[in-house]
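Data block below; observations after.
No lab work stands behind these numbers, since they all come straight from the coordinates. Since the model is a prediction, treat every value here as computed from it, not as a measurement. Every residue, glycine as well, gets a Cβ built from its backbone with ideal geometry; the counts of neighbours run over all protein chains shown.
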C-alpha cells in the first residue's frame, strides 16, 4: 500500500465580506499574476515517486477562506484516507491542521504532521485569521500526532518568526527545521521536504 501524503494549501482570510470586496477592488492585476503558478507542492508526486500517493485537496474559497467551510470539506476527505497518512500544511493550511487536530480526534492514526510557514495567530499582523486563530492549548494535537515538524524561514515576509516561536512553546516535543532564505516557501523546488517525507515513512 502506498504511503499517503495529504497537502493542505494556503489561502487568504478577511474580517468580513466587505473587506474581501475592498481587497478585490484594490488588488493590482498583472500578466504574471494570470499565468499558471506552480510551486513545490505541484512537483511532490513526481519527486516522491511511485511508493507515495500525494493528495492535494482544493479547499473551499481559498481567496476568502472560512474555517467552518474548510472543516466540513476536510471531514469529507478523512474517511477516504488509509491509516497513518502524513499531513503537510503550508501557510493557512498549516494553522488549519493545527486547529482542527487540536479540537477534533480523527479516527485514524497519523504518521506525521508537517507545518510549513504556519501562522499561529494574527497578533502584530496586518492580516486577520478570523476563525483560524488557535487557542492556547494544542494538547489534543500533540496527543494524536506523536511526530510533528515545524518548518520556518527567518526571512518569511508574511509569517513572522515569532509565530514559529509560539508553536515551539506549545509543542515542545515537535522537531524544528529553520531556514534563513526560503521566504514563505513559494519556490518550485523543496528537496528538503521530499527528503523529510521519505525519512518519516
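What label, among [x] 28, 19, 15; [y] 48, 16, 14; [z] 25, 20, 18, belongs to semi-axes √(5λ) of the Cα gyration tensor in Å computed from the structure on display? Comparing each candidate, only [z] matches the computed number. A Förster distance of 25 Å, applied to the separation of the beta-carbon atoms of residue 139 and residue 43, puts the FRET efficiency at 0.10. Is the shape of the stretch 94-194 best called rounded, prolate or oblate, per the rule: a/c under 1.5 gives rounded, else a/b larger than b/c gives prolate, else oblate, with a ≥ b ≥ c the square roots of the Cα gyration tensor eigenvalues? The shape class here is oblate. Highest-first packing order for the peptide set 15-24, 84-93, 29-38 is 84-93, 15-24, 29-38, based on the mean count of other beta carbon atoms within 10 Å. Subtracting the Cα-Cα distance of residue 155 and residue 25 from their residue separation scaled by 0.36 nm leaves 43.9 nm.
A full extension of the chain between residue 33 and residue 2 corresponds to an added length of 7.6 nm, given 0.36 nm per residue minus the alpha carbon distance. Between the stretch 62-113 and the stretch 129-201, the C-alpha centres lie 15 angstrom from each other.
Mind running the shape call on the stretch 1-113? Use the C-alpha gyration tensor, a ≥ b ≥ c as the square roots of the eigenvalues: rounded below 1.5 for a/c, prolate if a/b tops b/c, oblate otherwise.
The shape class here is oblate.
Across the chain, Cα pairs under 8 Å and at least six residues apart give a relative contact order of 24 percent. Let me know the shape class of the stretch 9-57, please: from the alpha-carbon gyration tensor, a ≥ b ≥ c as square roots of the eigenvalues, rounded when a/c is under 1.5, otherwise prolate if a/b is greater than b/c, or oblate. It is oblate, given that a/c is not under 1.5 and a/b is not larger than b/c. A Gaussian network model of the chain, with springs between Cα atoms under 10 Å, assigns the largest mean-square fluctuation among 62, 94, 49 to 49. Run the paramagnetic zone check for residue 12: 7 angstrom along Cα to Cβ, then residues of the stretch 36-72 with backbone nitrogen under 12 Å. Taking a point 7 Å out along Cα→Cβ of residue 12, the residues of the stretch 36-72 whose backbone N falls under 12 Å are 62-65.
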